[in-house]
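Peer 1: I am attaching a structure below and will ask some questions about it afterwards.
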Amino acid sequence: MQKKTRTEAGIIEQVSANDNTAIPTIRPAPKKHRARCYMMRTGVEGWTENDILRYCRLSSGRNYATELERRLDICLERIDEKNPDGIGSHFRYRFSSRGDVLRVIQLVNHNANAGGYRGLSQSDIADILILYPDAFTAA
(Lines give C-alpha, C1' and ligand atoms only; values in the text may rest on other atoms or scores of the structure.)
Protein backbone atom coordinates (compact mmCIF):
# COMPACT_ATOMS: atom_id res chain seq x y z
CA MET A 1 0.00 0.00 0.00
CA GLN A 2 1.33 3.45 -0.91
CA LYS A 3 0.39 6.76 0.56
CA LYS A 4 0.74 10.11 -1.22
CA THR A 5 2.33 13.01 0.59
CA ARG A 6 2.89 16.58 -0.55
CA THR A 7 6.29 18.21 -0.12
CA GLU A 8 6.93 21.92 0.32
CA ALA A 9 7.97 22.15 -3.34
CA GLY A 10 4.59 20.83 -4.42
CA ILE A 11 5.92 17.59 -5.91
CA ILE A 12 3.78 14.59 -5.09
CA GLU A 13 5.81 11.70 -3.74
CA GLN A 14 4.96 8.06 -3.37
CA VAL A 15 5.87 6.76 0.09
CA SER A 16 6.22 3.03 0.43
CA ALA A 17 4.67 1.51 3.55
CA ASN A 18 7.56 -0.97 3.73
CA ASP A 19 10.69 1.16 3.85
CA ASN A 20 9.37 4.73 4.21
CA THR A 21 11.50 6.08 1.34
CA ALA A 22 10.10 8.73 -0.97
CA ILE A 23 10.11 8.23 -4.73
CA PRO A 24 9.45 11.59 -6.43
CA THR A 25 6.99 11.58 -9.31
CA ILE A 26 6.54 14.42 -11.74
CA ARG A 27 3.13 16.05 -11.70
CA PRO A 28 1.21 16.26 -14.99
CA ALA A 29 1.50 19.57 -16.82
CA PRO A 30 -1.48 21.92 -16.48
CA LYS A 31 -3.55 23.00 -19.47
CA LYS A 32 -1.89 26.42 -19.80
CA HIS A 33 1.49 24.70 -20.12
CA ARG A 34 0.18 22.40 -22.86
CA ALA A 35 -1.42 25.29 -24.74
CA ARG A 36 1.68 27.50 -24.54
CA CYS A 37 3.97 24.71 -25.72
CA TYR A 38 1.66 24.00 -28.63
CA MET A 39 1.52 27.69 -29.58
CA MET A 40 5.31 27.93 -29.70
CA ARG A 41 5.66 24.71 -31.69
CA THR A 42 3.47 26.04 -34.52
CA GLY A 43 6.29 28.34 -35.65
CA VAL A 44 5.68 31.21 -38.02
CA GLU A 45 2.55 29.46 -39.38
CA GLY A 46 0.71 30.22 -36.13
CA TRP A 47 -2.43 28.64 -34.67
CA THR A 48 -6.16 29.15 -34.51
CA GLU A 49 -8.60 28.76 -31.62
CA ASN A 50 -9.78 25.54 -33.25
CA ASP A 51 -6.19 24.23 -33.31
CA ILE A 52 -6.02 24.66 -29.51
CA LEU A 53 -9.28 22.73 -29.23
CA ARG A 54 -8.22 19.99 -31.65
CA TYR A 55 -4.63 19.38 -30.56
CA CYS A 56 -4.69 20.35 -26.87
CA ARG A 57 -8.30 19.37 -26.13
CA LEU A 58 -8.90 22.83 -24.64
CA SER A 59 -11.66 25.33 -25.34
CA SER A 60 -11.32 29.12 -25.31
CA GLY A 61 -8.11 29.21 -27.35
CA ARG A 62 -8.38 32.98 -27.59
CA ASN A 63 -8.05 33.28 -23.81
CA TYR A 64 -4.65 31.56 -23.79
CA ALA A 65 -3.35 33.98 -26.42
CA THR A 66 -4.65 37.14 -24.76
CA GLU A 67 -3.36 36.03 -21.35
CA LEU A 68 0.16 35.74 -22.79
CA GLU A 69 -0.14 39.22 -24.28
CA ARG A 70 -1.23 40.74 -20.99
CA ARG A 71 1.16 38.83 -18.77
CA LEU A 72 4.30 39.27 -20.87
CA ASP A 73 3.45 42.63 -22.49
CA ILE A 74 3.80 41.19 -25.99
CA CYS A 75 1.61 41.62 -29.05
CA LEU A 76 0.54 38.61 -31.11
CA GLU A 77 -0.16 39.03 -34.79
CA ARG A 78 -3.75 38.27 -35.76
CA ILE A 79 -4.45 37.17 -39.32
CA ASP A 80 -8.10 37.16 -40.40
CA GLU A 81 -8.86 33.95 -42.34
CA LYS A 82 -12.07 33.07 -44.12
CA ASN A 83 -13.76 29.89 -42.93
CA PRO A 84 -13.67 26.94 -45.36
CA ASP A 85 -17.46 27.02 -45.76
CA GLY A 86 -17.30 30.67 -46.86
CA ILE A 87 -19.37 31.87 -43.92
CA GLY A 88 -17.51 34.18 -41.56
CA SER A 89 -13.86 34.14 -40.56
CA HIS A 90 -11.54 33.40 -37.67
CA PHE A 91 -8.16 34.60 -36.45
CA ARG A 92 -4.85 32.83 -36.88
CA TYR A 93 -2.46 33.94 -34.15
CA ARG A 94 1.32 33.96 -34.29
CA PHE A 95 4.17 35.42 -32.32
CA SER A 96 5.44 38.77 -33.61
CA SER A 97 9.13 38.16 -32.94
CA ARG A 98 11.63 35.58 -31.76
CA GLY A 99 12.13 37.66 -28.62
CA ASP A 100 8.47 37.14 -27.72
CA VAL A 101 8.93 33.38 -28.09
CA LEU A 102 11.94 33.52 -25.74
CA ARG A 103 9.81 35.31 -23.14
CA VAL A 104 7.17 32.57 -23.35
CA ILE A 105 9.88 29.89 -22.98
CA GLN A 106 11.11 31.59 -19.82
CA LEU A 107 7.57 31.80 -18.43
CA VAL A 108 6.85 28.14 -19.23
CA ASN A 109 10.04 26.93 -17.54
CA HIS A 110 9.59 29.23 -14.54
CA ASN A 111 6.05 27.93 -13.98
CA ALA A 112 7.14 24.30 -14.47
CA ASN A 113 9.91 24.70 -11.91
CA ALA A 114 7.57 26.33 -9.41
CA GLY A 115 4.78 23.81 -10.04
CA GLY A 116 6.85 20.64 -9.94
CA TYR A 117 6.16 19.45 -13.48
CA ARG A 118 8.49 18.99 -16.45
CA GLY A 119 9.47 22.13 -18.31
CA LEU A 120 11.16 22.50 -21.67
CA SER A 121 14.55 20.82 -22.03
CA GLN A 122 17.44 22.44 -23.90
CA SER A 123 16.67 20.28 -26.93
CA ASP A 124 12.97 21.29 -26.75
CA ILE A 125 14.01 24.95 -26.67
CA ALA A 126 16.38 24.48 -29.60
CA ASP A 127 13.63 22.73 -31.60
CA ILE A 128 11.26 25.62 -30.94
CA LEU A 129 13.77 28.36 -31.73
CA ILE A 130 14.61 26.76 -35.09
CA LEU A 131 11.02 27.53 -36.08
CA TYR A 132 11.67 31.27 -35.62
CA PRO A 133 14.51 32.77 -37.69
CA ASP A 134 16.93 35.15 -35.92
CA ALA A 135 15.63 38.18 -37.77
CA PHE A 136 12.00 37.05 -37.61
CA THR A 137 9.57 39.91 -37.14
CA ALA A 138 6.02 39.48 -38.36
CA ALA A 139 4.84 42.23 -40.65
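The values are calculated or read from the model by the stated rules, or taken from the named source; none is laboratory data. Just so we're clear, the structure is a prediction, and the values are computed from it rather than from any experiment. Positions of Cβ are backbone-derived with ideal geometry, glycine not excepted, and every protein chain shown enters the neighbour counts. Calculation scope for accessible area: heavy atoms of the full protein, side chains included, ligands and nucleic acids excluded. Shrake-Rupley method; radii C 1.70, N 1.55, O 1.52, S 1.80 Å.
Peer 1: How charged is the neighbourhood of Asp73? Take every other residue with its Cβ under 10 Å from the Cβ of Asp73, and add Lys/Arg as +1 and Asp/Glu as -1. Don't skip to the answer; put the middle values down first.
Peer 2: Numbers: positive: Arg70, Arg71, Arg103; negative: Glu69, Asp100.
Net local charge, Asp73 excluded: +1.
Peer 1: Still on this structure, please answer the following. Check each of the trypsin sites (Lys or Arg not before Pro) in segment 49-102 and keep only those in coil by DSSP with at most 11 other C-beta atoms within 10 angstrom; list them in order. Before the final figure, lay out each step's value.
Peer 2: Working: sites: Arg54, Arg57, Arg62, Arg70, Arg71, Arg78, Lys82, Arg92, Arg94, Arg98; in loops: Arg57.
Passing both the DSSP loop test and the Cβ count: Arg57.
Peer 1: Could you provide, to the nearest whole Å², the per residue accessible area of segment 32-139 with probe 1.4 Å?
Peer 2: Working: 6140 Å² over 108 residues.
That works out to 57 Å² for each residue.
Peer 1: With a 1.4 Å probe and every protein chain kept in, tell me what percent of the accessible surface of segment 33-134 is carbon plus sulfur. Working shown, then result.
Peer 2: On the way: 2750 of 5690 Å².
Carbon and sulfur together cover 48 percent of it.
Peer 1: On the first, second and third principal axes, largest extent first, how far apart are the outermost C-alpha atoms of segment 32-100 in Å?
Peer 2: The Cα atoms of segment 32-100 stretch 35, 23, 19 Å along the principal axes, largest first.
Peer 1: Follow-up question, since we're still on this one. Subtract the Cα-Cα distance of Arg78 and Ser59 from 0.36 nm times their separation in residues, and report this length gain in nm to one decimal.
Peer 2: 5.0 nm
Peer 1: Under a no-solvent Debye model with one identical scatterer per Cα of segment 76-139, what's log10 I(q)/I(0) at q = 0.25, 0.28, 0.29 Å⁻¹?
Peer 2: The Debye formula, applied to the Cα set alone, gives -1.01, -1.13, -1.17.
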